[in-house]
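The values are calculated or read from the model by the stated rules, or taken from the named source; none is laboratory data. Predicted, not measured: the structure shown is a model, and the values here were computed from it. In this analysis, Cβ positions are derived from the backbone assuming ideal geometry, glycine residues included, and neighbour counts consider all displayed protein chains. Side chains are part of the model used for accessible areas, which takes the heavy atoms of the whole protein and leaves out ligands, DNA and RNA. Shrake-Rupley method; radii C 1.70, N 1.55, O 1.52, S 1.80 Å.
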Amino acid sequence: MNSMENTDSLSDFEADTWARMWACHMQLPCVLDAQLKRDSGVSYFEFQVMLKIGESPTASRRMTDLSEATAMSLSHLSRVVTRLEKKGFVARIPDPNDGRSTFAALTPSGQRALASGMSGYLTELRRIFFDNVDESELETVASVLARMNSALSGAEASGSAAQGSAVSTSGAA
């Protein structure tokens with residue numbers, strides 16, 4: 001349905017679809033959070049930060065890049081990294097080439113925590129998401145999510161211009 005066709009209400013099918021999307025959006029992080037706390041002692045958001053840092057060959061990422069990679073605002077990311085620092089899983093390292101920038105780096109303890117949570121995390125992702133769609137459905141979901149992320153990025157850009165502030169994230173958390 002074109003967004004300009006009917007802006008007063010959702011059809012019954014749209015409302016039902018949105019309710020299912022909302023339920024997944026709310027429940028998935030809770031399920032993953034419980035599994036990750038049990039397996040590695042970190043929250044879902046902490047694990048996502050560690051995962052994105054761990055994807056780098058140097059096991060470190062500039063905070064601004066990490067903010068974009070995790071779709072977290074810099075302030076949210078900073079709070080998450082502070083919690084990870086207190087656990088000994090991440091260290092902040094000033095950029096020697098740019099005094100304005102900081103890197104977040106996984107410590108050896110952080111690498112172990114990431115590894116200890118990974119198997120259960122992947123098992124849950126498969127059980128909840130990937131095992132419930134076939135290959136063609138997965139391609140459709142990927143395409144839809146790409147369009148939604150693009151629309152969200154466009155909304156963030158227009159919202160930041162209207163507010164006069166910079167947006168440092170892409171997509172939705």
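Descriptive notes on the structure:
- Among 143, 11, 60, the residue with the largest mean-square fluctuation in a Gaussian network model of the chain, with springs joining Cα atoms closer than 10 Å, is 11.
- Modelled label positions at residue 17 and residue 87, each set 7 Å beyond Cα in the direction of Cβ, lie 3.7 nm from each other.
- Folded to 0 to 90 degrees: helix 135-163 orientation relative to the chain principal axis, Cα: 80 degrees
- Compared with the dominant principal axis of the Cα atoms in the chain, helix 44-54 is inclined by about 60°.
- Listed residues 76, 41, 118: farthest to the positive end of the dipole of the chain (Cβ charges): 41
- Accessible area expressed per residue, the chain, with surrounding protein chains retained (probe 1.4 Å, Å²): 63 Å²
- Less than 5 angstrom separates the built amide H of residue 101 from those of 95, all sequence-distant by 5 or more or on a different chain.
- Measuring nothing but protein heavy atoms, the accessible surface of the chain at 1.4 Å probe radius is 57 percent carbon and sulfur.
- Take every Cα pair under 8 Å whose residues are at least 6 apart in sequence, average their separation, divide by the length of the chain, and the relative contact order is 23 percent.
- Residue 75/residue 111 FRET efficiency (R0 25 Å; Cβ-Cβ; nearest 0.05): 0.45
- Scanning the chain for GluC sites (Glu not before Pro) in DSSP loops with at most 13 neighbouring Cβ atoms within 10 Å leaves 56-173 as the longest stretch between them.
- Given the choices (i) 268; (ii) 156; (iii) 148, volume of the Cα convex hull per residue in Å³ derived from the coordinates of this structure is entry (iii).
- Overall form of the stretch 96-151 per C-alpha gyration tensor (a/c, 1.5; a/b vs b/c): oblate
- Take the Cα of residue 138, step 7 Å toward its Cβ, do the same at residue 10, and the gap between the two points is 2.7 nm.
- The chain: most fluctuating residue of 149, 132, 97 per GNM, C-alpha cutoff 10 Å: 97
- Net dipole in debye of the chain [+1 Lys, Arg Cβ; -1 Asp, Glu Cβ; about Cα centre; nearest 20]: 1160 debye
- Whole-number D in µm²/s for the stretch 1-93 (Stokes-Einstein; Kirkwood sum over Cα pairs; 4 °C, 1.567 mPa s): 83 µm²/s
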